[in-house]
Structure formats: structure tokens, C-alpha cells
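Asks: I am attaching a structure below and will ask some questions about it afterwards.
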Amino acid sequence: MVKLDLSRYNLKKFGIMMGIAFFAISPVILFRHKHNPAVTSAIAAVFFILSFVCPLLLKPLYIAWMKLAFVLGWINTRLVLFIIFYFVFTPIGLIMRLFGSDLLDRKIDKTAQSYWRKRENKAFVVQDYERQF
């Protein structure tokens with residue numbers, strides 16, 4: 001686990017960001033769900049007040065939030081990699097195998113004398129080394 005920075009500055013920043021987040025949720029609750037956003041507005045106010053008055057009181061919430069963030073990050077990383085591999089690379093590989101495509105030239109050619117590829121001989125100038133790609 002990564003060591004958390006529990007400085008006053010970081011706790012204050014956390015309190016302000018959480019206050020902004022809850023304050024941004026309030027209009028959504030009011031206009032979209034037609035409910036009173038007093039609870040989220042009060043939570044936003046508490047976060048703002050604590051972040052400016054006594055940010056050390058936010059320490060337990062910050063630690064819990066960061067632990068949750070690390071767990072969600074671990075899960076999301078594996079989930080995204082799983083989805084990319086099994087829903088992108090696997091179908092592409094199966095389609096290429098179905099059509100007999102061999103992009104890496106792994107097939108053995110018994111009639112070939114060599115697998116070396118001839119390169120064109122050209123004189124290199126200084127400009128070739130400046131922009132290699």
C-alpha cells in the first residue's frame with residue numbers, strides 16, 4: 001500500500017474537493033429527481049467548513065476514501081485489461097487465424113534459402129539521425 005500524504009494542505013484540498021462534489025450533486029438532485037437537495041448541500045457545507053477551520057478532522061474520512069480508491073483502482077485496472085484482451089484482441093486474433101494471416105512471418109518455408117531480408121543500400125546523411133522516426 002502506498003503511504004498517504006496526511007498533511008494539512010492535502011486534507012484541506014480533500015475537504016474542498018468533496019465540498020465541490022457534493023455541491024455539484026445538489027442541483028442534479030433538485031432538477032432531475034425533484035427532491036430537496038438540503039442534505040447534499042449540508043454535507044458540502046460541512047466539508048467546506050472543516051477544510052478551512054480544522055482539516056485534521058477530515059483525516060479518518062480521507063484515509064477511508066483513499067483505501068476505497070486503491071481498491072477500486074485495483075479492480076478497474078484488471079476489469080479494463082480483461083475487457084480489452086477478451087473483447088478486442090481475442091476476436092482480432094481469431095479472425096486473423098481464421099483467414100490464415102501471419103503478421104510475424106512465423107511460417108516455415110522449406111523452399112527458402114534464407115530468412116534474411118534484403119535492405120536497400122543507401123548512404124546515410126546527418127538528417128537521417130536527427131529525425132529517426
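The values are calculated or read from the model by the stated rules, or taken from the named source; none is laboratory data. What you see is a predicted model, and the numbers here were worked out from it, not measured in a lab. Using ideal geometry, Cβ is built from the backbone for each residue, glycine included, and neighbour counts are taken over all protein chains shown. Note: areas computed on protein heavy atoms with side chains; ligands, DNA, RNA excluded. Shrake-Rupley method; radii C 1.70, N 1.55, O 1.52, S 1.80 Å.
Asks: Between the DSSP loop rule and a limit of at most 13 other Cβ atoms within 10 Å, which trypsin sites (Lys or Arg not before Pro) in region 1-49 are left? Please report the intermediate quantities before stating the final value.
Replies: Values: sites: Lys3, Arg8, Lys12, Lys13, Arg32, Lys34; in loops: Lys3, Lys34.
Those satisfying the criteria are Lys3, Lys34.
Asks: Rounded to the nearest 0.05, what FRET efficiency do Leu4 and Leu79 have when you use their Cβ-Cβ distance and R0 = 25 Å? Numbers along the way, then the final one.
Replies: Values: r = 24 Å, r/R0 = 0.97.
Efficiency at R0 = 25 Å is approximately 0.55.
Asks: Each residue of region 11-22 in order: what ³J(HN,Hα) in whole Hz does its phi give by Karplus 6.51 cos²θ - 1.76 cosθ + 1.60, θ = phi - 60°, with x for Gly and Pro?
Replies: In residue order, the calculated couplings are 5, 5, 4, 4, x, 5, 5, 5, x, 5, 4, 5 Hz.
Asks: Separate question: Return the lysines within reach of Lys13: Cα separation strictly under 18 angstrom, same-chain partners fewer than 8 residues apart disregarded; answer none if there are no such residues.
Replies: Those lysines meeting the cut-off are Lys3, Lys59, Lys67.
Asks: While we're here: Tally up the carbon and sulfur contribution to the accessible surface of the chain as a whole percent, 1.4 Å probe, everything protein left in place. Provide the component values of the computation, followed by the final result.
Replies: Working: 8270 of 12010 Å².
Percent of accessible area from carbon and sulfur atoms in the chain: 69.
Asks: Using only alpha-carbon positions, what ratio does the radius of gyration of the chain give when scaled by 2.2 N^0.38 Å? Walk me through the numbers on the way to the answer.
Replies: Values: Rg = 28.8 Å, N = 133, 2.2 N^0.38 = 14.1 Å.
My calculation over the Cα atoms of the chain gives 2.04.
Asks: For Asn121 and Ala38 in the same chain, what is the full-extension length gain: residue separation times 0.36 nm, less their Cα-Cα distance, in nm? Please report the intermediate quantities before stating the final value.
Replies: Working: separation 83, 0.36 × 83 = 29.88 nm, distance 7.59 nm.
Length gained, Asn121 through Ala38: 22.3 nm.
Asks: Quick check for you: with a 1.4 Å probe and neighbouring chains kept, what is the accessible area per residue of region 26-133, in Å²? Each step should come with its number before you reach the end.
Replies: On the way: 10200 Å² over 108 residues.
Result: 94 Å² of accessible area for each residue.
Asks: Let me ask something else. Sticking with the crude label model, points 7 Å out along Cα→Cβ, report the distance from Ile92 to Lys13 in nm, one decimal please.
Replies: The two pseudo-label positions are separated by 3.6 nm.
Asks: 7 Å from Cα along Cα→Cβ at both Leu103 and Ala64: what's the point-to-point distance in nm?
Replies: Label-label distance for Leu103 and Ala64, simple model: 4.8 nm.
Asks: Here is a further query. Convert each backbone phi in region 68-79 into a coupling constant with the Karplus relation 6.51 cos²θ - 1.76 cosθ + 1.60 (shift: θ = phi - 60°), then list the ³J(HN,Hα) values in order as whole Hz, x for Gly and Pro.
Replies: Each residue of region 68-79 in turn: 4, 5, 5, 5, 5, x, 5, 5, 5, 4, 5, 5 Hz.
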